[in-house]
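Okay, so here's the structure we're looking at.
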Amino acid sequence: MSTLDLPGYSHVYSGKVRDLYAPVGADGEVVPDQLLLVASNRLSAYDWMMSPEIPDKGAVLTRLSLWWFDQLSDLVPNHVVSTDVPEAVAGRAVLVRKLDMLKVEAIARAYLTGGGLEEYREKGSVSGVVLPDGLVDGSKLPEPVFTPTTKAPVGEHDLPMSPAQVEAELGAGVAAEVSRLTRAILARGNEIAAERGILIADTKVEFGVSPDGTGGLVLADEVLTPDSSRFWPAELWEPGHPQPSYDKQFVRDWLTSSESGWDRKAGGPPPELPAHVVEQTRAKYVEAYERLTGETF
Ligand SMILES: Nc1ncnc(-c2cnn(Cc3cccc(F)c3)c2)c1Cl
């Protein structure tokens, strides 16, 4: 994948859909306490990187995440420093405080699906939390459940963590606070989103702590975006089968249609997305942003 050459920044790491850079000072030394988070226009579906990219996806998700950080600022401080970023990534990058990141993927679930549903079907519980009988794919949970995982190395799968494992990793106090905050963030997200016709089934957030050891938990990474969370259109919610994705359903439907000619089980890469699927997908990201924030993209 092509990482940008950004004057004044050195490339640190690339995820599937985002890139991390470190600011470089005038003396050529890396500025130690800041990072640049860049959201690309790349779209991942079925564990494959789609082509072409989705125009404006990075900018829409960056603006949505910034809006959520602001909505949540009474709940938890965040890592945002500024949006004064290089022209080449204007609107889709954020300058952030460099933190010591917790080694736990902080996931909360408000609706049961995916890996949580699988664990429930095996054990009647998720992450040690016993759930009512008779739940099905898409069932709303009595309240959000904290279902943390490890941060697996690149190319490996994140693994569920038991409460005891989280406490061993973070200590009992920090573990309890991470659980409380993650559930509170998802609950607040759904309070706001439900009014705007969007259900947030689950979300992954990341916390860090200041390297100088002062202060408490800081909300980092991105927050409550369709890349970090499952967004469902509220009017189509119907427990008992997989719910349509607010943002990725056009891509999924086309890829699994005979029109694409793709055989997912064959193991080969998916074909290029047709222009109408790219445009419809872009429109869903813009629609989610405008509905949630009330602002025009
Ligand atoms: N404030 C912070 N301090 C220290 N580290 C991070 C950090 C490291 N990794 N990630 C995930 C990620 C975010 C974007 C692009 C990627 F490629 C990967 C976030 C952050 Cl956000």
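Are there any trypsin sites (Lys or Arg not before Pro) in the stretch 59-155 that are in a DSSP loop and have at most 16 other Cβ atoms within 10 Å? List them by number.
Sparse-neighbourhood loop trypsin sites (Lys or Arg not before Pro): K103, K151.
Just want to confirm a number: the relative contact order over the stretch 176-297, from Cα pairs under 8 angstrom separated by 6+ residues, in percent.
18
Filter the chymotrypsin sites (Phe, Trp or Tyr not before Pro) in the stretch 1-88 down to the DSSP loop ones having no more than 16 other Cβ atoms within 10 Å, then list what survives.
Taking the stretch 1-88 and a limit of 16 other Cβ atoms within 10 Å, the loop chymotrypsin sites (Phe, Trp or Tyr not before Pro) found are Y46.
Take the alpha-carbon positions of the stretch 1-154, form their convex hull, and give its projected area averaged over all directions (one quarter of the hull surface) in nm².
Spelled out: convex hull of the Cα atoms, projected over all directions, averaged, 11.4 nm².
As I understand it, the dipole of the chain uses +1 on the Cβ of Lys and Arg and -1 on the Cβ of Asp and Glu, about the Cα centre. Which of A108, T62, P233 lies farthest toward its positive end?
P233
What aspartates and glutamates does K123 reach when the alpha-carbon gap must be under 18 Å and sequence neighbours fewer than 8 apart in one chain are set aside?
D133, D137
List every residue whose amide H lies under 5 Å from the amide H of L199, counting only residues 5 or more places away in sequence or on a different chain, with H placed 1.01 Å from N in the peptide plane.
It is W232, A234, by chain and number.
Report, in debye and to the nearest 20, how large the dipole of the chain comes out about its Cα centre when Lys and Arg carry +1 and Asp and Glu carry -1 on their Cβ.
400
Just from the alpha-carbon atoms, what are the Rg and Dmax of the stretch 129-206 in angstroms?
Rg and Dmax of the stretch 129-206, Cα atoms, are 14.2, 39 Å.
Hydropathy first: keep DSSP H helices in the chain averaging at least 1.6 on Kyte-Doolittle, then drop any whose Cα extent along the axis falls short of 24 Å, and list what survives.
Helix filter hits for the chain: none.
Counting only protein heavy atoms, what percent of the accessible surface of the chain is carbon or sulfur at a 1.4 Å probe?
The value for the chain is 52 percent carbon and sulfur by accessible area.
Do any GluC sites (Glu not before Pro) in the stretch 174-272 lie in a DSSP loop with no more than 15 other beta carbon atoms within 10 Å, and if so, which?
Those satisfying the criteria are E272.
Magnitude of the Cβ-charge dipole of the stretch 1-118, K/R +1 and D/E -1, about the Cα centre, nearest 20 debye?
Working: 10 positive and 15 negative charges, 67 e Å.
Approximately 320 debye in magnitude.
Counting only C-alpha contacts under 8 Å and six or more residues apart, can you give the relative contact order of the chain as a whole percent?
RCO, the chain: 18 percent.
Give the Rg/Rh ratio for the chain, taking Rg as the radius of gyration of the Cα atoms and Rh as the Kirkwood radius, to two decimals.
Over the Cα atoms of the chain, Rg/Rh equals 0.96.
Treat the stretch 240-297 as a sphere of radius equal to its Kirkwood radius over Cα pairs and apply Stokes-Einstein at 25 °C in a medium of 0.890 mPa s; give the translational diffusion coefficient in µm²/s, rounded to a whole number.
Estimated diffusion coefficient is 189 µm²/s.
Roughly speaking, what is the stretch gain from R180 to E238, that is 0.36 nm per residue apart minus the C-alpha to C-alpha distance, in nm to one decimal?
Gain on extension, R180 to E238, equals 18.1 nm.
Pairs of Cα atoms under 8 Å, at least six residues apart: use those to get the relative contact order of the stretch 7-149, whole percent.
Relative CO of the stretch 7-149 lands at 17 percent.
Just the Cα atoms of the stretch 123-164: what Rg and Dmax do they give in Å?
That works out to 12.5, 36 Å for Rg and Dmax.
Solvent-accessible area per residue for the chain at a 1.4 Å probe radius, Å²?
I get 48 Å² per residue for this part.
Got a sec? Charge dipole of the stretch 106-222, +1 on Cβ for Lys and Arg, -1 for Asp and Glu; which of I198, T214, V129 is way out at the positive end?
I198
Once the cut-off is 14 Å, how many percent of the Cα-Cα pairs in the stretch 188-228 end up in the long-distance tail?
So the pairs more than 14 Å apart make up 56 percent of the total in the stretch 188-228.
The values are calculated or read from the model by the stated rules, or taken from the named source; none is laboratory data. Note that the structure is predicted; figures quoted are calculated from it, not measured. Every residue, glycine as well, gets a Cβ built from its backbone with ideal geometry; the counts of neighbours run over all protein chains shown. Heavy atoms of the whole protein, side chains included, go into the accessibility calculation; ligands, DNA and RNA do not. Shrake-Rupley method; radii C 1.70, N 1.55, O 1.52, S 1.80 Å.
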